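S.K.: Here it is, the structure in full.
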Amino acid sequence: MGIFIISIALLLCIAVILVCNLLVVNNAKGKTFSEIDSIRPTEVGLLLGTTPQTHTGNLTNYFFVYRIDAAEQLYKAGKIEKILISGDENSLDGVDEPQCMRDSLVARGVPASAIIMDGKGYRTICSIINANKVYGLKDFIIISQEFHNERALYLAEHLGLDIENIQAYNAKDPNSTRALKTYIREYFARVKMFWDLFTYKESDYYYSNTPTIDMNTSQDMIRSFLGKPIIMNDFICEQIAAIAEQDTMLSYGDSILQIGDVKWRINIIPNGVALLTSVQPDDPKMKQVDMYLNRIYGKPYDDEEDGFSIKWSSSEDSLGRTLVHLRRVHSEEGGTFLFFY
């Protein structure tokens, strides 16, 4: 009797694994591509992270190598303009996955300014949620091995996210004995994925980049003015740091820019910079910021009576760089946004 029960339980487990796998594979049909010519161009590719060495033996991880190959191919073929690398910034080996991938891509000629790093992609589900919720992406190309792409696609389409027209580019599959363990583990990962979807709560996976203001609110505000998603850009952050070094009113560190006594969280948008703070526009500290901006850019040319928006315009900033537009916006939900674009 005991053997019979164990056999039934084993058969049920196998059936669950097979059904989960079948659902994932069927969902991905027509959405994953191994030929680059089949990929529809879009702005951003989401490169799913892994470590450059294996967890055991510190050997070359060819899942890493082939994903770098795929991202490089997409970028140099003009299929994507930006690469969002999402992985664990402190993996089990103490390795920063996005940083390692960034370094490899830069070494292959991909400009650093085209690379965005998300260190909060602790799991595939986190990477997908962050791409949409934190970076505002709706249409992007997932970059990983085909088995991984299939699962990531299923997550993207079944988490209730504002996502459309998702596609995936398949990196080459390693064929070593070590890789076989990964392929076997994937069957169980797909079962766990369905459990994650069944028990899904956004708060368990959503890691906001903005501690002082709700990221959903800030992104909606930014998109309402610019119509584009937030794209972090390390090159622009480096420029901000260089400016801060030359101006005694400014200090910069860890994506925080301080103007006088007001600290702003930096978000880079495709055509400019968005600074966010929880300080209200009517706070005395904000007057100091306005005085500083007036000194650098001149008096505002449009000061709306309700105080919701103040705008500056100047042909160039204090370092001689062209400035197209500057706007300070009061969020009705609380806090202040400062847009340079």
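S.K.: Taking residue 97, is it acidic (Asp, Glu) and buried (at least 19 other Cβ atoms within 10 Å of the Cβ)?
M.R.: yes
S.K.: Another one. Just one of (1) more than 19 Å from residue 129 (Cβ to Cβ); (2) modelled with pLDDT of 95 or more; (3) of a type outside the set (Ser, Thr, Tyr) trips up residue 101, so point out which.
M.R.: (2)
A quick yes/no check of all residues on (1) hydrophobic (A, V, I, L, M, F, W, C); (2) out of contact with any helix residue (DSSP H, G or I) (no Cβ under 7 Å at 6 or more places or on another chain):
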residue: 121; (1), (2): no, no
residue: 125; (1), (2): yes, no
residue: 136; (1), (2): no, no
residue: 145; (1), (2): no, no
residue: 155; (1), (2): yes, no
residue: 167; (1), (2): no, yes
residue: 180; (1), (2): yes, yes
residue: 187; (1), (2): no, no
residue: 194; (1), (2): yes, no
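S.K.: Another one. Name the single residue, out of those in segment 247-267 being open to solvent by less than 30 Å² (accessible area, probe 1.4 Å) and within 22 Å of the chain's Cα centre (by Cα), that is modelled with the highest pLDDT.
M.R.: Selected residue: 264.
S.K.: How many residues does segment 35-66 contain that are in contact with a helix residue (DSSP H, G or I) (Cβ under 9 Å, 6 or more places away or on another chain), assigned to a strand (DSSP E or B) and without any contact (Cβ under 8 Å) to a residue 60 or more places away in the chain?
M.R.: Matching residues across segment 35-66 total 1.
S.K.: Further, regarding this structure: Could you tell me which residue of segment 9-45 is nearest to the chain's Cα centre (by Cα), considering only residues that are open to solvent by 70 Å² or more (accessible area, probe 1.4 Å) and over 25 Å from residue 186 (Cβ atoms)?
M.R.: Of everything passing the filter in segment 9-45, 41 is nearest to the chain's Cα centre (by Cα).
Condition check ((1) touching a residue at least 24 places away in the same chain (Cβ under 8 Å); (2) open to solvent by 10 Å² or more (accessible area, probe 1.4 Å); (3) not polar (S, T, N, Q)) across all residues:
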| site | (1), (2), (3) |
| --- | --- |
| 132 | yes, yes, no |
| 141 | yes, no, yes |
| 153 | yes, no, yes |
| 164 | yes, yes, yes |
| 170 | yes, yes, no |
| 175 | no, yes, no |
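S.K.: Scan segment 121-147 residue by residue and report those that are of a type outside the set (Lys, Arg) and part of a loop (DSSP other than H, G, I, E, B).
M.R.: Within segment 121-147, 121, 122, 134, 135, 136, 137, 139 qualify.
S.K.: Given the structure, is residue 69 charged (D, E, K, R), assigned to a helix (DSSP H, G or I) and either without any contact (Cβ under 8 Å) to a residue 40 or more places away in the chain or touching a Leu at 6+ places or on another chain (Cβ under 7 Å) (or both)?
M.R.: Criteria not met by residue 69.
S.K.: Within segment 177-202, take every residue that is open to solvent by 40 Å² or more (accessible area, probe 1.4 Å) and hydroxyl-bearing (Ser, Thr, Tyr) and give me the one that is nearest to residue 16 (Cα to Cα).
M.R.: In this case the residue turns out to be 187.
S.K.: Within segment 58-71, can you find the residues that are of a type outside the set (A, V, I, L, M) and open to solvent by 60 Å² or more (accessible area, probe 1.4 Å)?
M.R.: 58, 60, 62
The values are calculated or read from the model by the stated rules, or taken from the named source; none is laboratory data. Predicted model only: the values in this text are computed from it and were never measured. Note that we place each Cβ from the backbone using ideal geometry, even for glycine, and neighbour counts take in every protein chain shown. Side chains included, ligands, DNA and RNA excluded: accessible areas come from the protein's heavy atoms. Shrake-Rupley method; radii C 1.70, N 1.55, O 1.52, S 1.80 Å.
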